[in-house]
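First comes the structure, then the notes that go with it.
The values are calculated or read from the model by the stated rules, or taken from the named source; none is laboratory data. Just so we're clear, the structure is a prediction, and the values are computed from it rather than from any experiment. Glycine gets a Cβ as well: all are built from the backbone with ideal geometry, and neighbour counts include every protein chain shown. Note: areas computed on protein heavy atoms with side chains; ligands, DNA, RNA excluded. Shrake-Rupley method; radii C 1.70, N 1.55, O 1.52, S 1.80 Å.
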Amino acid sequence: MRRTRVICGVDEAGRGPLAGPVYAAAVVLNPRRPIDGLADSKQLTPERREVLAEAIRTRAKAWAVASASVEEIDRLNILQASMLAMYRAVRALGVTPDLARVDGNRAPTLACRVETVVGGDALVPAISAASILAKTERDRLLCELHLQYPHYGFDQHKGYGTPLHLRMLQTHGACPEHRRSFAPVRLVCEAVTPVQVALL
C-alpha cells in the first residue's frame, strides 16, 4: 500500500519589528478534519486568528512553533534567524515531512524537499495555518513583554516601528528585547553617552 506523503506548511512572523524574537511555525493539516477560514494571518482580526489557532492546534495532524532570539537576530541577521526559526519548527514537528512548502522565495535547509511559494500564506492552507500559529504565538509574547516593559507599548504595536514605538524608543532608549542590529535601535543606542548610561 502506497504511503501518503506528509506535507507541511511553514511560515514566519516578526521579521520586520524592532523588538522581540522572530517566530516560525510548521503545520501538517489533516484532510479529514478541515478548517474553514484559513488565510494570511495579516488579513485576519486578532480575535479570528485566536479562534483559528485553537482549531489548528486541535485538528492538525502535527504542528510546532519555534523562535530565534533577539541575540541570534543581531548575531546572524534577520534573514538567517528566520531560517533558523523555520528549521527549528519543522524539526519539532515530531514527524519528518516529505515536502515542506515555505512562504516566500527563500527557504531554510531542511531534511526534506522544500518548495517556496510566493504569497503562500494566502494561497496554501497549510502555510496559512503556519502563519496564524506563528503570528498568535509572537503576539502573545509581545503582550507579556508589555508587562515587563510597559512604557514601550508592545501590546499595541507588537514591536513594529510605529510612530508610538519610535517615540518611546527615543524617550526611554532600548530595552534588552530591542534588536540592536536594526537601524532605528542602533541609532538610539549610539546616541546614548557614557554619562547617560551611568544615570540609567
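Please work out, to two decimal places, the log10 of the ratio I(q)/I(0) at q = 0.08, 0.13 Å⁻¹ from a Debye calculation in which every Cα of the chain carries one identical scatterer.
-0.29, -0.69
About the Cα centre, and with charges only on the beta carbon of Lys, Arg (+1) and Asp, Glu (-1), how big is the dipole of segment 122-187? Nearest 20 debye, please.
Here segment 122-187 has a charge dipole of around 240 debye.
Placing one identical point scatterer on every Cα of segment 42-135 and ignoring solvent, what is log10 I(q)/I(0) from the Debye formula at q = 0.20 Å⁻¹?
Log-scaled intensity ratios, in q order: -1.07.
State the extension gain, in nm to one decimal, for the chain segment bounded by ASN77 and LEU123, taking 0.36 nm per residue of separation less the distance between their alpha-carbons.
Value of the extension gain: 13.8 nm.
So, in nm, how far is label CYS143 from label GLN156 when the simple model puts each one 7 Å beyond its Cα toward the Cβ?
In this crude label model, CYS143 to GLN156 measures out at 1.7 nm.
For LYS135, give me every one of the aspartates and glutamates with a C-alpha distance below 14 angstrom, ignoring sequence neighbours fewer than eight places off in its own chain.
Excluding near neighbours in sequence, the set is ASP11, GLU12, ASP40, GLU47, GLU50, GLU54, ASP103, ASP121, ASP155.
Antiparallel as a % of all DSSP beta bridges within the chain, to the nearest 5?
60 percent
Using only the alpha-carbon atoms, how far is helix 163-172 inclined from the longest principal axis of the chain? Give it as 0 to 90 degrees, nearest 10.
50 degrees
Size of the dipole of the chain about the Cα centre, Lys and Arg at +1 and Asp and Glu at -1 on the beta carbon, nothing else charged, in debye to 20?
Value, rounded to 20: 720 debye.
Any chance you could check the Cα centroid distance between segment 99-142 and segment 1-76 for me, in angstrom?
Going from one Cα centre to the other spans 6 Å.
Over the chain, average the accessible area per residue using a 1.4 Å probe and give it in Å², no decimals.
Averaged over the residues of the chain, the accessible area is 52 Å².
Taking 2.2 N^0.38 Å as the expected size of a compact globular protein, what ratio does the Cα radius of gyration of segment 32-93 give against it, to two decimals?
That works out to 1.35 for segment 32-93.
What is the gain in length, in nm to one decimal, between THR45 and ARG57 on full extension, counting 0.36 nm per residue of separation less the C-alpha to C-alpha distance?
That pair, THR45 and ARG57, stretches by 2.5 nm at full extension.
Could you compute the FRET efficiency for ALA92 and ASN30, with r as their C-beta to C-beta distance and R0 at 30 Å, rounded to 0.05?
The calculated FRET efficiency here is 0.95.
Per DSSP H run of n ≥ 4, the term is -39500 (n - 2.57); total these for the chain, divide by its residue number, and report the mean residue ellipticity at 222 nm rounded to 500 deg cm²/dmol.
Estimated from H runs of four or more residues: -13500 deg cm²/dmol.
Ignoring any ligand, DNA or RNA, what whole percent of the accessible area of segment 18-80 comes from carbon and sulfur when the probe is 1.4 angstrom?
Ligands and nucleic acids excluded, carbon and sulfur reach 50 percent.
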